[in-house]
Structures are given as C-alpha cells and as structure tokens.
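Here's the structure we're looking at; comments come further down.
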Amino acid sequence: MAIDVRALRALPLDPEIESEISNFEDGARRYLAGDIDDDVFRVFRLNQGIYGQRQGGNNQMVRVKIPYGKIEADQLEMLGHIAETHSRGWGHLTTRQNAQFHFVQLDQCGEVLRLLASVGLTSREACGDTVRNVSGCHLAGACPYEVLDISPWAEATKDLFLRNPLSQRLPRKFKINFSGCATDCGQAMFNDAGVVGVTRTNDDGTVEAGFRVFMAGGLGANPHPALALEEFTAREDLLPTIEAMLRVQDHYGNRDNKLRARMKWLVDTMGIDELRERIVKERKFLFASATYPGGIPAPVEEFGDAPAGRGTDVAADGGLIGSGASPVDFRGLSPLQQWDTANVVRGRANGTVSAYAYCRLGDITPDQFRGLAKIQRDFGAEVRVTNRQNFVLRGLTEEQLPELHERLAELGMADAGAELARDVVSCPGADTCNLAVTQSRGLAADIGDALEKAGLAEVGGVRINISGCTNSCGQHHIADIGFLGLERRAHGRAAPGYQMELGGQITNMSIAFGKRAAKLPAKRASEAVVRVVEQFAGERDAGETFGHWLDRVGGAEAVGKTLVDLDEFPTPEEAPDLYIDFDETGPYEAMVGDSECAT
C-alpha cells in the first residue's frame, strides 16, 4: 500500500530528531533575518546536508543519505513526493549512493527534513566536514564473489558515527566505503577508510573471514591510492579500527588549509609508517574509552554476514556486471533476452537473482520512484542504489524476470546494459554546482547519444565518467575513459573544454588512475569517445580488458595522438557552437563560486 504523506506527517518524530530540525529552522530564520553571519550559517547548513547552488538566493540542494544504497518502498515513495512538491520534478542519484534534490527553497528545507525523517531517512552529515554517507557494494549479500556480506557492517558503522560528537567538526570530510571481496565493487580503494572482505588461514587450518582495511585514499585534484593499514583485521576489531582512523584524522589533520586537510595528506606530511603506527596505537588504547565499539556489532549479530558468493574466485574483469571485456552480443535476441544478458546477476552460493534498473544520467522522476516502490512491494524485492547512479533489485526469482522487465520498460528503466558503455556517469556540473566550470551532464547525454548512433552503446568493458571540475565528483580518475571539465582559450575567447584521461580502474584491491590523453573542445569530446571505443572494440583480443588493450597499443599518450585533429578551435565566427557549452544559449564563461565541500 502506498504511503499516506499526511498521515505520516501527523505522527510525532523522535524528540531528538524533532529538536534537531527545529534548531535548523530557527537558524534559517535568523540567517534570513540577518542575525547569523553567512560563514557561520554555511557550516550549520552543510552539517545538515543542505548545500548552496550556483543560482544563489535561497536555492538549496538537499542531499539524502542512503547508507550502502539500501532503500525501502516507503522511502522511494517519499523521495518521489519530495521531487514533485519541493524540487524541480526529479531527483538525482550520486556516485556515493545519495539522492539529491535541487532548487529546494531554504525556508522549505525544514519541511523536507521532516518528510525524510518520517520514513527513516536523513540528510544529517551528508555534506560538510563530517563522516559522510557510508557507502558499500550494491550487490552485498547477492554477489557471486563476496567473502562476507558487508551490509550489516556498513549499517553498524553508520550507526556508530551518525550524530557522533567525533564526526561533527573534522578538519575535512571523511569517507568510508565497504566491499565484500577483492573485486571492490564498493570502491574502497580511494576513500579515507576503505574496508574489503578477505580471509586468512589460521594455524589450526581453519579459514577466518575478516577485513583488510585501507586508508588515506582520495580523488580530487591530487588523487592518492588507499594504502593497507594491516594485512588482516578481525571482525571484532573493525569498528575500533575505523574509529581510531577517524580520531587520528581529527588530531592531526590540517585545520589551517582545507585543500590539504583530507587524510590522504597525512601520508605526505608524516609518512605511511608513522600514520599506521599512530592509528594502531589509538586503537590499542581505545579499549579504555567509555564508548569502546569493539566486538561484533548488533546489526551483524541480528542479521548475520554469511556470503552469497563462494569467496574464492574473482573474475578477470573484476566481476562487475556488464564490465566484461568481451562485447555483449545482442544479435537475434529479444528485448527481454538482451536485458537478461546484460542486466541480470546470479549469485553462486545462495542462488540469488538481481537485476539492474537503468537511470539515465542518474535522474529519477516521481513516477519512477513510485513505480519502483510498487515493484519492490509486489515482487518482495530489495532495492539498492548503485555507485553508477542506477538501482539494482535483489532477492528475485527466475520466474519473476519477464514481468519485472515489462514493468521496468513501462517506467523507461529497462535499457539493456544499464552499466555498459551507454551508462555514462556524470556529476551535476555547472547545471547547479558552484565549483563546476562545464556542463558535464550535457556532455554525458551527448556521449550516450553518440554511442547509440554509432552502434557502440552495448560494448562491454568501457566505463565513462565525467567531472565538471577538479573535485572528481564524477570519479573521472577511475574510469576507462574519464573527462575533467576545464576552461579553454582560443582567439581571445573562453570556450568549454575537457581533459580526456584513459585507463583508470579499480579491481583486486588495487587502483590505477587514468593518464592524460588529450585536451578537447567540449562539443568534440563525444567524437573522441566514439573513436576510442570503436578502436577498442575492433582491436581487442578475446577476453581482453580495456586496460590491457590500452597498454598493448602504447597507452593513453599513443591513443591521444590519434585525437589531436579534434583539438582545434576555428574562430568564433566560423564555429560559434564550440564557444557555447551544452544546455547553454550564450557565450561560455567559467563562473566558479565559493567551495562548499561539494563531493
């Protein structure tokens, strides 16, 4: 049964949450009246997960935390209601499993927070110098390769740090990601704390499941790979380990320069050995804390963490659905068969069946939110947000797949290959973000259209990510083909452009950042993608990944040389379109506002 918004709003909220929201509303009123300085209110607002937009005024973005992507039917319906009544008619999924709503007016944010709280959602600490949304593999509990189900561990970590006094005024944001196996679908390898499920063989021959904890990773203008704290962290030591990492960041992080305040910079200033030593020492004496979080946490005790996978093998391509190096051959297949081939994942140990629902550019309409909620109820499925801005439906049966495909098609979410080449990931870009210099969403749409037209949208093993600035919210560093927005100059005029990078990847507890290939005018980036994907599809050997192919043909620099003819700027009179960004009508101008910790 669909939710009754009025009935939910009539119910009292938890007193602590009600007090928090009332406090925010009082602060907003005082700010609008001129009684609170902008700098003070910005911190207050960001800690509540409310972020300013480049449009200025009272336009706000509300970022909703969806821990490890897990979302319930009533929550989906509430997000649809908010998109329809308080935003611009649709919501947006992020690469860190949040949902964002833009153009929410500041004086309406309190009501949005109450609506979210009525279904167990919050935006608290989704922005600012806090512990951000705890992310995790969207196939956790249904993955063919996992060592253990990280879901209850991510839940316990979220519970530990949400509204925790330790988490409120850090030197900089702190991001935690979980993966259930070395495949690292959760992307642990570029976060402040990255947790990966592993096993070890004990002296008595028994095999013990636990974790390898990585630290001090990050993207942005200066990407750093995460480094292992130790070879193996026992299950009962995991939460103390993460808290010790957070405490070290709080103690030693740079509070004078936000640009050098993430944990990754501690590796540069004190060295990895000293950083490890301080974290281990902090963990050792954390036992004396009145709030020591050691032992097996309650969510794990209640729900268990048994794996869906066998925990032994990792696919050569990282085990990601749709990421195989071999092309997905749809010839002669019906739409249902195409969708089953590219979008359905089957567990090995427990026979789980999961299926992806495609969200173009990560955007979701109210009807799609509600339609997914109805599917979730009718099919008894579990739904999670993926880190490539889609949904995955889990806990299905083989018999349900034909009807599910039909229902998703009615919602416009049944594109085969939701996570193949057509599935371009992008940050919001200059559409709403203060820091972006290009319309990255417009380029993402253009690349998707160009690949469809060229017949390359179903090519496997190619992931394309776009960021509108150096902050890497679109995670361009880790994509096979990545784009970073930048301002170009030609004939005395500014023009939108991109740096193209090739060869980024994460798998097998390792990470490689993309290498520079070419600079391009924004309106020619799609042609460059078509050329590269076409070359890859035509030259690769059987089972060859994009990274292996790239190395074989000479690397990013060699491929970039084949694209130099695209990096030409005729005069504005000869090619006026090159001086206008996507989704804009006037001449390009790079407008950058104050940073509000956007990623």
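Rule-based calculations on the coordinates, nothing more; no lab input. If you're wondering where the values come from, they're calculated on a predicted model, not measured in any experiment. Every residue, glycine as well, gets a Cβ built from its backbone with ideal geometry; the counts of neighbours run over all protein chains shown.
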### Message
List the aspartates and glutamates whose Cα sits under 14 Å from the Cα of Lys515, skipping any in the same chain fewer than 8 residues away.
### Response
Asp480, Glu501, Asp551, Glu557
### Task
Mind putting a number on the dipole of the range 425-579 about its Cα centre? Charges go on the C-beta only, +1 for Lys and Arg and -1 for Asp and Glu, and I need it in Debye to the nearest 20.
420
### Query
In terms of modelled amide H atoms, which long-range or inter-chain residues lie less than 5 Å from the amide H of Ala357?
Phe391, Val392, Leu393
## Note on the structure
The long-range amide H neighbours of Gly497, using H built 1.01 Å from N in the peptide plane and a cut-off of under 5 Å, are Leu486, Arg488, Ala522
### Query
What is the packing order of peptides 354-366, 12-24, taking the mean over residues of other C-beta atoms within 10 Å and listing the highest first?
354-366, 12-24
### Query
Which shape class, rounded, prolate or oblate, goes with the range 111-211 when its Cα gyration tensor gives a ≥ b ≥ c as root eigenvalues, a/c under 1.5 marks rounded, and past that a/b bigger than b/c marks prolate?
prolate
### Task
May I ask you to give the average projected area over all directions of the convex hull of the Cα atoms of the range 24-66, in nm² rounded to one decimal?
3.2
### Message
How would the range 145-303 be classified by its alpha-carbon gyration tensor: rounded, prolate or oblate, with rounded meaning a/c under 1.5 and the a/b versus b/c comparison settling the rest?
### Response
prolate
### Arg552/Leu333 FRET efficiency (R0 25 Å; Cβ-Cβ; nearest 0.05)
0.25
### Query
If you place +1 on the Cβ of every Lys and Arg, -1 on the Cβ of every Asp and Glu, and leave all else neutral, what size is the dipole of the chain about its Cα centre, to the nearest 20 Debye?
940
### Surrounding net charge for Val119, when Lys and Arg each add one and Asp and Glu each subtract one, Cβ distance under 10 Å
-3
### Message
One quarter of the convex hull surface, Cα atoms only: what value does that give for the range 1-147 in nm²?
### Response
10.4
### Query
So what is the 222 nm mean residue ellipticity for the chain from helices alone, if each DSSP H run of at least 4 adds -39500 (n - 2.57) and you divide by all residues, rounding to the nearest 500 deg cm²/dmol?
-9500 deg cm²/dmol
### Summary
Surpassing 23 Å at the alpha-carbon level, of the pairs Lys258/Lys281; Lys65/Lys284; Lys175/Lys281; Lys175/Lys258; Lys70/Lys453; Lys258/Lys523, are Lys258/Lys281; Lys65/Lys284; Lys70/Lys453; Lys258/Lys523
### Task
For Rg/Rh (Cα atoms, Kirkwood Rh), several values are listed as (1) 0.95; (2) 1.15; (3) 1.41; flag the one computed from this structure.
(1)
### Summary
Row for the range 425-579, column shape: gyration tensor on C-alpha, a ≥ b ≥ c, rounded if a/c < 1.5 i.e. under 1.5, prolate if a/b over b/c, else oblate; value prolate
### Message
I need the peptides 424-432, 548-556 ranked by packing, meaning the mean over residues of other C-beta atoms within 10 angstrom, with the highest value on top.
### Response
424-432, 548-556
